[in-house]
Amino acid sequence: MVSNVVHRNALPTGARLNGYIIEGVLGSPGGFGIVYLAKNENIGKLVAIKEYFPDDLAMRKGNTVYPKSASCEEDFGWGLSRFRDEAKALVRFKHPNVIEVLDYFTANGTAYMLMPYEDGKPLDEILNENSLTEDELLQKILLPILNGLSHVHDAGFLHRDVKPGNIFMRRSDETPVLLDFGAARNALGNKSKSLHSIVTPGYAPFEQYFSDGNQGPWTDIYALGAVAYRIITGNSPPVATSRQKEDKLTPAIEAGKGRFSKSLLQSIDHALLLNEEDRPQSCNAWIRELTTHDTPPTLTPDPPHPVEVEKIVTIDSPASKGIWETVISKVLNFIHGFQRLIKYPSQTLKITWCLNVDCDRGCDLKTLDVEQMSDTKGLVIGRDGNISHCPIKDPSISSRHCRLMLAEGVLYIEDLNSTNGTILNGEEVEPFQPTQIEHGDELLIGDIKALLVKVS
């Protein structure tokens, strides 16, 4: 909907831009850009055009956009480059529930994204007027948006600003479309530290408040869970940073009792867990949970306790082909003092559990200490060393593939909805279903064989 408010930084109505005539401003300009309603000069078709205009860094003289000062030039240019990269990524997405980018161009000293004009209302306006039933919440909001986000995540991209104001309900068929990706804005805000808002309080999870936060599909899932919470309760969740200090969130299972099903409310609470590793790790995992009314079991671990191990064991990697490789530990400041291991020839380790991994593509074999595994977070095995405790650099391994956990003295493995699955003694491990494993069990992690060994 075209805003009736005059925006001092916006292009004037009637301005010509790359074959289009500006009709007005759509919505309220954010801190990162301005979206215009425009009409094609030749055929009269309406489109939406998003302009790169970081309010804290930019100014306009006539129609031309400039950095506010010499000190802003570097950040302005850096953000412009991120805006272009985001446009290049978004132009590849073709999904009915994700806004399509038709073109990208530069003009007036800045850059623009060309998008279809969607006639309808943002979800936040609708929620101010009406409430939604459970079926409407699931079928009209959560499942379509999750399908769209899954498409985005599969391409290696995150939205980073899912909220009611960025979910637009089409007037024609009442289907939702996800607007206004926040990736470039988030990157610029973290770099310049000058944008007044790079996250949306209540919808941004804790990890999004830090430039080195562990962001992934679970970040967007938290935000969409917060949207569902807003629909159910009428209020957004408390700000994640305040929840981290003292969690005053009324669980959805309590707030929506009697009006929504228990399984739906439990699934929403699952998405809103503070620790990113405890949430659904993919959109498909949360879709299964929402549609099958099944939530992943929670393991209650023994409290962590120090373990003294006397056995000395040498780890032999078959990949070494005559070069004996073992590992020595180095301390990594991570959560509960998790340790990463680096390769080093002809050494021995005191260990309790180990995975003997048959891999010739470069692996960091991992000592699995009982004390370290006495936590529901467990030890994650995956391809990405930044978010996994046991990196295995093989294309068949997902970034976060599976997790080992210890509870009540029993070791479990949990597949984290990996692409190629986790096989235990010939049987596939169900995603997010912790399965007991024992000494001598054979694992297939993607295409990589591993043998679990316990040193008694």
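The values are calculated or read from the model by the stated rules, or taken from the named source; none is laboratory data. Fair warning: this is a prediction, and the values are worked out from it, not measured in the lab. Cβ: placed from backbone, ideal geometry, glycine included. Neighbour counts: every protein chain shown. Heads up: the accessible areas ignore ligands, DNA and RNA and are worked out on the full protein's heavy atoms, side chains in. Shrake-Rupley method; radii C 1.70, N 1.55, O 1.52, S 1.80 Å.
Of all the residues in the stretch 400-453, those that are at positive phi, open to solvent by 20 Å² or more (accessible area, probe 1.4 Å) and within 23 Å of the chain's Cα centre (by Cα) number 2. Listed by first and then second residue, the pairs with beta-carbon distance under 8 Å, at least 6 apart or on different chains, first residue in the stretch 219-231 and closer than 17 Å to Q139 by Cα and assigned to a helix (DSSP H, G or I), second among the hydrophobic types (A, V, I, L, M, F, W, C) and open to solvent by 10 Å² or more (accessible area, probe 1.4 Å), are Y229/A255; R230/L127; I231/L127; I231/L132.
Identify all residues within the stretch 46-100 that are in contact with a Lys or Arg (Cβ under 7 Å, 6 or more places away or on another chain) and under 30 Å from K140 (Cβ atoms); write none if there are none. Across the stretch 46-100, the qualifying residues are L46, E100. Checking D247, D278, D294 one by one, the residue that is out of contact with any helix residue (DSSP H, G or I) (no Cβ under 9 Å at 6 or more places or on another chain) and modelled with pLDDT under 95 is D247 and no other.
Selection of the stretch 117-138 for residues being out of contact with any Pro (no Cβ under 8 Å at 6 or more places or on another chain) and either open to solvent by less than 30 Å² (accessible area, probe 1.4 Å) or farther than 17 Å from A226 by Cα (or both) yields Y117, E118, D119, G120, K121, E129, N130, D135, L137, L138. If you go through the stretch 384-399 and keep only what is in a loop (DSSP other than H, G, I, E, B) and either of a type outside the set (D, E, K, R) or within 17 Å of the chain's Cα centre (by Cα) (or both), you end up with D384, G385, N386, I387, S388, H389, P395, S396, I397, S398, S399.
Annotation note: of T110, T175, the sole residue that is open to solvent by 10 Å² or more (accessible area, probe 1.4 Å), among the β-branched types (V, I, T), in contact (Cβ under 8 Å) with a residue 12 or more places away in the chain and out of contact with any Cys (no Cβ under 6 Å at 6 or more places or on another chain) is T175. Put simply, of G234, G256 the only residue that is open to solvent by less than 50 Å² (accessible area, probe 1.4 Å), farther than 20 Å from M169 by Cβ and more than 23 Å from the chain's Cα centre (by Cα) is G256. I'm trying to understand the selection: among the residues of the stretch 418-437, which are part of a loop (DSSP other than H, G, I, E, B) and over 16 Å from G378 (Cα atoms)? Hits for the stretch 418-437 are S418, T419, N420, G421, N425, G426, V429, E430.
Restricting the search to the stretch 61-74, which residues are closer than 19 Å to A15 by Cα and either touching a helix residue (DSSP H, G or I) at 6+ places or on another chain (Cβ under 8 Å) or open to solvent by less than 40 Å² (accessible area, probe 1.4 Å) (or both)? V65 - this is the single residue of the stretch 61-74 that is closer than 19 Å to A15 by Cα and either touching a helix residue (DSSP H, G or I) at 6+ places or on another chain (Cβ under 8 Å) or open to solvent by less than 40 Å² (accessible area, probe 1.4 Å) (or both). Residues that are acidic (D, E) and either free of Cβ contacts under 8 Å to residues at least 60 places away in the same chain or within 20 Å of D384 (Cβ to Cβ) (or both) within the stretch 395-430 comprise E414, D415, E427, E428, E430, listed in sequence order.
In the set (1) among the aliphatic types (A, V, I, L, M); (2) more than 30 Å from H153 (Cβ to Cβ); (3) crowded, with 18+ Cβ neighbours inside 10 Å, the condition left unmet by L90 is number (2).
How many residues does the stretch 237-253 contain that are open to solvent by 20 Å² or more (accessible area, probe 1.4 Å) and of a type outside the set (S, T, N, Q)?
9
I'd like the residue in the stretch 122-155 that is among the acidic types (D, E) and at pLDDT 90 or above and, out of all such residues, is nearest to V91 (Cα to Cα). Out of the qualifying residues, it is D124. Taken over the stretch 75-87, the residue count meeting the criterion of being open to solvent by 10 Å² or more (accessible area, probe 1.4 Å) and among the aliphatic types (A, V, I, L, M) is 1. Please go through the stretch 209-231 and pick out each residue that is open to solvent by 50 Å² or more (accessible area, probe 1.4 Å) and of a type in the set (A, V, I, L, M, F, W, C). Within the stretch 209-231, F210 is the sole residue that qualifies.
Looking only at the stretch 145-157, how many residues end up being open to solvent by less than 20 Å² (accessible area, probe 1.4 Å) and not polar (S, T, N, Q)?
5
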